[in-house]
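The structure is given below, and queries will be raised subsequently.
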Amino acid sequence: MTTPSNRTDDVRMRGFARRTTVAEAIGWLDGRVQRLDEELLPLRGAAGRVLARDVASEVDVPGFVRAMMDGFAVRAADTAGASPYHRLPLAVVGESMPGRPFAGRVGPGQAVRTMTGAKLPDGADAVLPVEVVEIQGDRILAAGEVSPEKHVGRIGEDIQARSIVLAAGRRLRPQDLGLLSSIGAAQVPVVRRPCVRIVVTGNELLPAGSKPQGTKIVDSNGPMLEALVARDGGLAVNPGIVGDDPGAILDALRSPSDIVLVSGGSSVGQEDIAPSLVTEHGELRIHGIAMRPSSPTGMGWLDGRVVVLLPGNPVSCLCAYDFFAGRAIRAMGGRAADWPYRRLRAPLRRKAVSTVGRMDYLRVRLIDGQVEPLAIGGASVLSSATRADGFVLISDDSEGYPAGTEVEVFLYDT
Ligand code: AMP
Ligand code: MG
């Protein structure tokens, strides 16, 4: 059997011949990734999910003419000329309450006690608010006028039958569920959540929850990636640590999912197994990206699924996830591909240096409304990302910016 290490097209130990630009890598990914199919969910479980199709109403809401105030259903003409100084008597002949309509008809000189949401009785065309009425036993004195239609809700005033109430692509808000319920929707068609296989590689890793021991370190990327995947609407499936072993990694790559993320071993060293496996069993389309950190990022496909190879260094892993994997997961789940980060513009406190030909992902803090690049830049220093408020991108055609330049900051907190 051929092991990946003795194949002639082995990518290891050759170094990256040419680095793909971030834009090219995103272009490949966008062309490859598709929105997933839909599933029907009970209304109650659909908050935050993405609507897969337009939803139209089959019914008018409200489906009947209704009172919009507490008061008395009247014939507007009967109140003409009424004022606090000229009060007009009306006979109260019954009541119309929400869900319990008045069975009769309101005749001339008559009124029916009513409440917001009740059906307006036949014969009546307005509601006289309780505030402009004096109640005297079984009659009232109207102390103000109302015009026809006053305080009355029309049929279909909220929602008209056959109209589209929510459009495909909508992230369902709590009030959307309320609205869907009002039109009688029991289930909603939402985009399926992408199942994301997270394969954390590294013989040096102990599972989350362990204490570091000697040269063994505890997995940071697994918990971080699971949280990122959840944020972006994905479902992490079978996350866990796999040793730097080709058979185990291949099994993990092949286990069912919609997309695979591999953490660690993504570069061109002896222990970097995943790139060779993807080359051998699928296609490694991109390997090495002109960015810092995260240049040893790869992507391709295997068994028809997109595979993103993320560097093991935690900051690189975070950055590569954000640039590529998260984008793919959001798009598969029907969300906007763009970053879910809030943005603001502020001036740099110090200069920010970069190199032409690569994109820089610079962790920054905000101090007194100014942007302070963090001095510790190493990709292994995860605390540089926890101390940061966000990041600034320096595009590949820029050498950086002098102090005082206004830059766009992407904030980690939403
Ligand atoms: P690699 O990309 O596998 O060459 O790993 C680069 C560096 O990141 C090495 O120092 C690894 O020990 C470290 N590393 C790899 N995976 C993880 C992980 N899941 N959590 C924390 N550090 C890691
Ligand atoms: Mg490794």
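Which one is surrounded by the most Cβ atoms within 10 Å (Cβ to Cβ), of the residues in segment 178-195 that are more than 29 Å from V33 (Cα to Cα) and touching a residue at least 12 places away in the same chain (Cβ under 8 Å)?
Of the residues in segment 178-195, the ones more than 29 Å from V33 (Cα to Cα) are 178-186.
From what's left, touching a residue at least 12 places away in the same chain (Cβ under 8 Å): 179-186.
Details: L179: 18, L180: 21, S181: 12, S182: 15, I183: 19, G184: 10, A185: 19, A186: 10.
Ranking the qualifying residues of segment 178-195, first place goes to L180.
For segment 323-350, how many residues meet the condition of being more than 14 Å from E408 (Cα to Cα) and in contact (Cβ under 8 Å) with a residue 12 or more places away in the chain?
From segment 323-350, those more than 14 Å from E408 (Cα to Cα) are 323-338, 340, 350; that's our starting set.
When the remaining residues are screened for being in contact (Cβ under 8 Å) with a residue 12 or more places away in the chain, the result is 323-335, 337, 340, 350.
Count: 16.
Could you grab the pairs with beta carbons closer than 8 Å, sequence gap of 6+ or different chains, first residue in segment 138-149 and farther than 9 Å from L128 by Cα, second one surrounded by fewer than 18 Cβ atoms within 10 Å (Cβ to Cβ) and of a type in the set (K, R)?
Every condition considered, the pairs that remain are L141/R87; A143/R87.
R292 - would you say it is under 23 Å from S380 (Cα atoms), open to solvent by 30 Å² or more (accessible area, probe 1.4 Å) and more than 14 Å from ligand 1 (Cβ to nearest atom)?
Yes.
Follow-up question, since we're still on this one. For segment 389-414, which residues satisfy the criterion of being in contact with a Lys or Arg (Cβ under 6 Å, 6 or more places away or on another chain), assigned to a loop (DSSP other than H, G, I, E, B) and within 17 Å of M291 (Cβ to Cβ)?
Listed by number, the list holds a single entry, D396.
Name the residue that is nearest to ligand 2 (Cβ to nearest atom), counting only residues in segment 265-278 that are among the β-branched types (V, I, T) and surrounded by 20 or more Cβ atoms within 10 Å (Cβ to Cβ). Let's see the steps before the verdict.
Here is the first cut: in segment 265-278, the residues among the β-branched types (V, I, T) are 268, 273, 278.
From what is left, the residues that are surrounded by 20 or more Cβ atoms within 10 Å (Cβ to Cβ) are 273, 278.
Numbers: I273: 9, V278: 16 Å.
Taking the candidates together, the pick is I273.
Here are R349, R358, R327: which of them is of a type in the set (K, R), within 23 Å of V407 (Cβ to Cβ), open to solvent by 20 Å² or more (accessible area, probe 1.4 Å) and within 14 Å of the chain's Cα centre (by Cα)?
Result: R327 is the single residue among R349, R358, R327 that is of a type in the set (K, R), within 23 Å of V407 (Cβ to Cβ), open to solvent by 20 Å² or more (accessible area, probe 1.4 Å) and within 14 Å of the chain's Cα centre (by Cα).
Residues of segment 373-388 being in contact (Cβ under 8 Å) with a residue 24 or more places away in the chain and not in a loop (DSSP other than H, G, I, E, B), which ones?
P373, S384, A385, R387 - these are the residues of segment 373-388 that are in contact (Cβ under 8 Å) with a residue 24 or more places away in the chain and not in a loop (DSSP other than H, G, I, E, B).
Among what's in segment 211-236 and is outside any helix (DSSP H, G or I) and touching a Pro at 6+ places or on another chain (Cβ under 8 Å), pick the residue that is surrounded by the most Cβ atoms within 10 Å (Cβ to Cβ).
In this case the residue turns out to be G234.
The values are calculated or read from the model by the stated rules, or taken from the named source; none is laboratory data. Because the structure is predicted, anything quoted here is derived from the model rather than measured. We place every Cβ from the backbone using ideal geometry, glycine too, and count neighbours over all the protein chains shown. The protein model used for the area step is the full one, side chains on, heavy atoms only, and it has no ligands, DNA or RNA in it. Shrake-Rupley method; radii C 1.70, N 1.55, O 1.52, S 1.80 Å.
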